[in-house]
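Engineer: Encoded as structure tokens, here's the structure I'll be asking about.
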Amino acid sequence: MKERLDIKQQTQAAQNIISKVAKFYGLTTDEILGRCRERRLIKARFISIYFIKQKTEFTLVTIGKIFIS
């Protein structure tokens, strides 16, 4: 069962996930959040989205807004 986190905690969790995935792949968070469509970035971006969806209650629309902003 997922832990219930408030919005602030979920946002922080999403940022932590993006940071950890970026570090694992040797990228910056800006590269993952950017618009570039290189294969190495797309894979890291997809994995970030997957883990954010699993660990938070954010909808895919909300997660998409994180990556667009």
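Engineer: What's the total number of residues in segment 5-59 that are open to solvent by 60 Å² or more (accessible area, probe 1.4 Å) and in contact (Cβ under 8 Å) with a residue 40 or more places away in the chain?
Structural biologist: Number satisfying all stated conditions: 2.
Engineer: Which one is farthest from the chain's Cα centre (by Cα) among residues in segment 60-69 that are at pLDDT 95 or above and open to solvent by 90 Å² or more (accessible area, probe 1.4 Å)?
Structural biologist: This residue is VAL61.
Engineer: Looking only at segment 21-54, count how many residues are among the charged types (D, E, K, R), farther than 17 Å from LEU5 by Cβ and part of a helix (DSSP H, G or I).
Structural biologist: Counting residues in segment 21-54 that are among the charged types (D, E, K, R), farther than 17 Å from LEU5 by Cβ and part of a helix (DSSP H, G or I) gives 7.
The values are calculated or read from the model by the stated rules, or taken from the named source; none is laboratory data. Computed from a prediction, not measured in an experiment: that's the story for all the values here. No Cβ is skipped: glycine too gets one built from the backbone with ideal geometry, and neighbour counts run over all protein chains shown. For accessibility, only protein heavy atoms count, side chains too; no ligands or nucleic acids. Shrake-Rupley method; radii C 1.70, N 1.55, O 1.52, S 1.80 Å.
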